[in-house]
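Written out below as structure tokens is the structure these notes cover.
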Amino acid sequence: MYGSGCSSLFSIFLQILSLAIGKDPQSSALIFFVSGTTVIGIAFLLGLVSDHLQFYRYYVGDSSEDIKHPPKTFKQLLQAGYCIRHIIIQLFFVLVCMTCTGPVTYLVVSEYYGNGNPWNEKYFVPVVTFLIHDLVGLVTKYFARPLMTVSLSSFDNKYRTLKIDSSSIFR
């Protein structure tokens, strides 16, 4: 959850930086291309390095034991879906809201657009529509974390008292 919030903030800051540095669309595009290539290169190098870390090897481990278990049946998958139905409903509403807010933000324009002020011409749309939205989203994810942890632990305890053993579903 934090990764998507941080990546969108990185993208917005990069857009504001490219607008501030670049005088024309070609230089802004070059800044985006170079930074994207750099991020992909760093991710590739980190992927190569992580393969040699003991921590990574421990959690990746040997997958030969997983192959021995039969695949899950449709009934087991439905039982697992029933156990996490509240999270699935929340995910549905989040996806609906995300598809609605994206196109609307592209229609926002400064009230004083066309007066020659750089704030109104260049920086208003990325800051007001994207940066503030992503900052608020990241802050709410941070503050919602304890609430989700408490509600999920009480949710888990509720189903333990009903004698639903979630470990049997995922065997």
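The values are calculated or read from the model by the stated rules, or taken from the named source; none is laboratory data. Small disclaimer: the values here were computed from a predicted structure and weren't measured. Ideal geometry is used to build each Cβ from the backbone, glycine not excepted, and the neighbour counts take in all protein chains shown.
Cβ contacts < 6 Å: first residue of a type in the set (Gly, Ala, Ser), restricted to the range 28-55; second residue part of a helix (DSSP H, G or I) and surrounded by 12 or more Cβ atoms within 10 Å (Cβ to Cβ), any location; separation 6+ or different chain. Result?
Close Cβ pairs satisfying both conditions: Ser28/Ser18; Ser35/Leu14; Ser50/Tyr56.
Criterion first (in contact with a Leu (Cβ under 6 Å, 6 or more places away or on another chain), in the same structural domain as Phe10 (by TED's automatic domain parsing), modelled with pLDDT under 90 and surrounded by 10 or more Cβ atoms within 10 Å (Cβ to Cβ)) does Ser35 satisfy it?
For Ser35, the condition - in contact with a Leu (Cβ under 6 Å, 6 or more places away or on another chain), in the same structural domain as Phe10 (by TED's automatic domain parsing), modelled with pLDDT under 90 and surrounded by 10 or more Cβ atoms within 10 Å (Cβ to Cβ) - is met.
Given the options Gly41, Gly61, name the one that is at pLDDT below 90, out of contact with any helix residue (DSSP H, G or I) (no Cβ under 9 Å at 6 or more places or on another chain) and of a type in the set (Gly, Ala, Ser).
Matching residue, one of Gly41, Gly61: Gly61.
Which residues, counting only those in the range 14-29, are in a helix (DSSP H, G or I) and surrounded by 14 or more Cβ atoms within 10 Å (Cβ to Cβ)?
If the condition is that a residue be in a helix (DSSP H, G or I) and surrounded by 14 or more Cβ atoms within 10 Å (Cβ to Cβ), then Leu14, Gln15, Ile16, Leu17, Ser18, Leu19, Ser28 are the ones that fit.
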